[in-house]
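A.B. asks: Handing you this structure, nothing more for now.
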Amino acid sequence: MSFDYDLFVIGGGSGGVRAARVAAAEGARVALAEEDRYGGTCVIRGCVPKKLMVFASEYPDAMEDARAYGWTVHSGGFSWQDFSTKLNAELDRLEGVYRKLLSGNGVTMYDARAVLKDAHTVSLSTGESFTAKHILVATGGRPVRPDLPGAEHGLVSDDIFHLDELPKSILIIGGGYIACEFACILNGLGVQVTQYYRGAQILRGFDDEARGLVAEEMRQSGIDLHVGSNILEMASTEGGYRIKATNGTEKVFEQVFFATGRKPNTDGMGLQEIGVELGRNGEIVVDEYSQTTVPSVYAIGDVTDRVALTPVAIREGMAFVETVFKGNPTPVDHELIPTAIFTQPEIGTVGMTEEEASAKEPVEIYCTSFKPMQQAFAGRQNRVMMKLVVSKASRRVLGCHIVAPGAGEMIQLAGVAVKMGATKEDFDRTCAVHPTMSEEIVTMKTPIRTA
Ligand code: NDP
């Protein structure tokens, strides 16, 4: 049977674009459909604009610290309009880069919504239909609001980048990556931030000591963080929304921001109709090669709800091309993924938390917390933390957790050592780089406890 294309990719985010262009570079006839903007969540409404907002939000502290270092600083206010104009121009540029990458590799692009008609056919919102030997679904996910009265008035992360102006006050609901990152960003930009998290401590799943320190630092920087608290209902009122909370309070906030998780984009795509199995959250169920229950249909990235991170989607895309177009079956390696949370201070982490590791085997914990030189000189009380979780039996470093400015940069490098299977003694015999914060990671001599 002959097909219009060897590969039809649905979704022009990080994973889909990578898979499309690498398959095309291998000589495959590839098409890609995207209903919104090329670049997807990461480039258009996630990692990239978020990180630029992180940079913007760090200047007030930097200016204050500059004074402590002897500079005369005349600080004006922050112009959200100036920043967002520049931000939007940068996103337009990046979207252009993504389109060029695709066209440069000979991928045919359709600016349209695609749905699956059968195991080898997609139909587009333009009315066209195409057949393909393989179909790759890389449609990502979207933020969800909880089901409660008035929730439709609340913002989600997609909306933050399109605000006409910053609110004076905001209530953030949630305690995950997005809630905590935006609490810090908006606080830095001068918004009065309150955060409600329903659990006992923010950033569930991360190392307890790291979570504790970040929560403490967030409170110290002025975020009004309440744990064990959730929103019950919201109603419009003068100046914003009146919020009834589970802690018995009723307060008015100018805006409410739901950072309460994300859902895979699988609705109305014809997936179940053609036999593709979906999981409980609507995610596409795939095997280790990203193949669905329909053999010609594969799925990668957030739509599979495995590890919702850009570099993981990209690796899944590369492994898919290796498997399907290069005759080299390559399972996706989801072990020991380093990651960073861009709170202030950041968390950089790789491997097991103390809690996970100690549940599996006896471990030694090496941990130090101190005031870093740069901030301490400026009179700040902020602390950073370096922690290693070490197997007693094998001496391998099972987990590395860093809470510090720049922890995202540090953990990328520590991640190489941990992925290679470095032991505590390998860390010990590595010479310190002085004076840095990260030198502490190779100078911790005695475990603070065993677990
Ligand atoms: P998360 O799943 O990380 O967090 C969702 C938060 O919302 C949790 O604290 C959860 O609480 C809470 N929540 C869920 N439902 C409700 C509800 N009905 N009422 C109140 N609270 C609720 O999702 P995010 O949206 O923050 O991020 C999604 C994913 O995107 C992340 O897991 C990550 O993979 C990725 N991401 C990565 C970033 C990075 O690499 N720096 C940055 C941003 C996102 P509970 O803990 O109790 O379930």
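A.B. asks: Scan the stretch 164-184 and tell me whether some residue there is within 12 Å of the ligand (Cβ to nearest atom), out of contact with any helix residue (DSSP H, G or I) (no Cβ under 7 Å at 6 or more places or on another chain), open to solvent by 40 Å² or more (accessible area, probe 1.4 Å) and in a helix (DSSP H, G or I).
C.D. replies: yes
A.B. asks: While we're looking at this one, here's another question. Strands (runs of 3 or more DSSP E) wholly in the stretch 88-149 with at least 3 residues that are touching a helix residue (DSSP H, G or I) at 6+ places or on another chain (Cβ under 7 Å) and at pLDDT 95 or above - which ones?
C.D. replies: Ranges flagged: 129-137.
A.B. asks: Restricted to the stretch 122-158, and to residues that are among the acidic types (Asp, Glu) and open to solvent by 50 Å² or more (accessible area, probe 1.4 Å), which residue is nearest to the ligand (Cβ to nearest atom)?
C.D. replies: 147
A.B. asks: Restricting attention to the stretch 340-387, report how many residues are in a loop (DSSP other than H, G, I, E, B) and in contact (Cβ under 8 Å) with a residue 24 or more places away in the chain.
C.D. replies: Residues meeting the conditions: 15.
A.B. asks: Within the stretch 210-238, how many residues are outside any loop (DSSP other than H, G, I, E, B), in contact with a helix residue (DSSP H, G or I) (Cβ under 7 Å, 6 or more places away or on another chain) and open to solvent by 50 Å² or more (accessible area, probe 1.4 Å)?
C.D. replies: Adding up the residues that qualify gives 1.
A.B. asks: For a quick check of your reading of the model, give me the residue pairs whose first member lies in the stretch 196-208 and is without any contact (Cβ under 8 Å) to a residue 40 or more places away in the chain and more than 9 Å from the ligand (Cβ to nearest atom), whose second is open to solvent by 50 Å² or more (accessible area, probe 1.4 Å) and of a type outside the set (A, V, I, L, M, F, W, C), with beta-carbon atoms closer than 6 Å and at least 6 apart or on different chains.
C.D. replies: none
A.B. asks: Can I ask one more? Mind checking which residues of the stretch 397-427 are assigned to a strand (DSSP E or B) and surrounded by fewer than 19 Cβ atoms within 10 Å (Cβ to Cβ)?
C.D. replies: Scanning the stretch 397-427 gives a single hit, 423.
A.B. asks: A further question on this structure: In the list 92, 4, 65, 82, which residue meets the criterion of being open to solvent by 20 Å² or more (accessible area, probe 1.4 Å) and closer than 27 Å to residue 291 by Cα?
C.D. replies: Exactly one of 92, 4, 65, 82 is open to solvent by 20 Å² or more (accessible area, probe 1.4 Å) and closer than 27 Å to residue 291 by Cα, namely 4.
A.B. asks: While we're looking at this one, here's another question. Of all residues being closer than 25 Å to residue 365 by Cβ and more than 15 Å from the chain's Cα centre (by Cα) in the stretch 185-209, which is most open to solvent (accessible area, probe 1.4 Å)? Just the residue, please.
C.D. replies: Among those residues, the one meeting the criterion is 200.
The values are calculated or read from the model by the stated rules, or taken from the named source; none is laboratory data. Note that the coordinates shown come from a computational prediction; the quantities given were computed from them, not determined experimentally. Virtual Cβ from ideal backbone geometry, glycine too; neighbours counted across all protein chains shown. Surface areas here come from the heavy atoms of the whole protein model, side chains and all, with no ligands, DNA or RNA. Shrake-Rupley method; radii C 1.70, N 1.55, O 1.52, S 1.80 Å.
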